[in-house]
1. Just to be sure I follow the rule: in the chain, considering lysines 8 or more places apart or on different chains, how many pairs have Cα atoms under 22 Å apart?
2. Give me the extension gain from Asp150 to Asp135: residue separation times 0.36 nm, minus the current Cα-Cα distance, reported in nm with one decimal.
3. In sequence order, what are the phi-derived ³J(HN,Hα) couplings for segment 237-246 according to the Karplus relation 6.51 cos²θ - 1.76 cosθ + 1.60 with θ = phi - 60°, rounded to whole Hz, with x for glycine and proline?
4. Note the full-extension length gain between Ala204 and Thr241 as 0.36 nm times their separation in residues minus their Cα-Cα distance, in nm to one decimal.
5. Of the heavy-atom accessible surface of segment 116-253 (probe 1.4 angstrom), what whole percent is carbon and sulfur?
6. Could you tell me the accessible area of Glu103 in Å² (1.4 Å probe, neighbours in place), rounded to the nearest ten?
7. For segment 196-253 and segment 132-187, write down the distance between their C-alpha centroids in whole Å.
8. Rounded to two decimals, what is Rg over Rh for segment 111-250 when you use alpha-carbon atoms and the Kirkwood radius?
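The values are calculated or read from the model by the stated rules, or taken from the named source; none is laboratory data. Everything numeric here is computed off the predicted structure, so don't read it as measured data. All Cβ positions, even for glycine, are placed from backbone atoms using ideal geometry, and neighbour counts span all protein chains on display. With ligands, DNA and RNA removed, areas are computed over all heavy atoms of the protein, side chains included. Shrake-Rupley method; radii C 1.70, N 1.55, O 1.52, S 1.80 Å.
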Amino acid sequence: MSTKDSGHAAWPGGYGQVVLDSVDSTMAEAARRAPDIRQPTWIMARTQTAARGRRGRAWVVPPGNLNATLVFRPDATAQEAAKRSFLAANALFAALAIYVPSEKLALKWPNDVLLSGGKVAGILLESSGQGPYIDWLSIGIGVNLSHVPDGVTDAAFPPTSLKAAGGWDVDPLDFLTTLADAYATQEDKLRHFGFARIRDDWLAQAARLGEVITARTGREDVTGIFDSIDQDGNLVLITGTGPRAIAAADVFF
């Protein structure tokens, strides 16, 4: 397997970088550093000892995979800040497409990236603040670059890795540079064109758009045709009783 670095990308201006050998989790480290940050800052760790995913689930991170968190002050309400998950997903798609054919990739609502049908990356958002505008936002990103996590046997979308799916062998720090550059582009798009452009780009890469899927909310299962996401990022399903907008759920298909 050949190795490909991030020679095509440069670290984006205005973004800081912190690289650690080991940490409990980059999300926890971001929360500790957040009060003192002066610019959007990416925090990467070679290993994590207590990583977590969405809804508190454990996130297994073998060495050689990417563990990173972007922490910044977005000057946004919590609802507006939550839309950054779609910016992160678009950036991940663009970054991964440098190393593997883009037709193998798809974006799964609300915050996963699929590679040949398996989960290759996940996104987790956390924010803090008491007023209408949040104080800071952390976007945690895990990408299986070199290794498929062991012991994951009950996932609806079994984990895969960039390398296992035939992609390039890439160092996590090189991939972070590619990702940071792609994310900065997404922020530029949001600033100039608004969320509508981010939404359109996300939908262009969405898994199972126009097909029947099931959203499991914790209170009910909602099955319908995946029609769109709305301007708030909610999943829109066409059901037998009409359109349903779903704010939070696990999706199955």
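1. So the count works out to 12.
2. Values: separation 15, 0.36 × 15 = 5.40 nm, distance 3.65 nm.
That pair, Asp150 and Asp135, stretches by 1.7 nm at full extension.
3. Values, residue by residue: 10, 8, 10, x, 10, x, x, 10, 9, 10 Hz.
4. Working: separation 37, 0.36 × 37 = 13.32 nm, distance 2.65 nm.
My answer for the length gained is 10.7 nm.
5. Details: 3010 of 6400 Å².
Exposed carbon and sulfur together represent 47 percent of the surface.
6. Using a 1.4 Å probe on the heavy atoms, I get roughly 150 Å².
7. Taking the Cα centre of segment 132-187 as reference, the centre of segment 196-253 is 23 Å away.
8. Details: Rg = 17.1 Å, Rh = 17.4 Å.
Here Rg/Rh amounts to 0.98.
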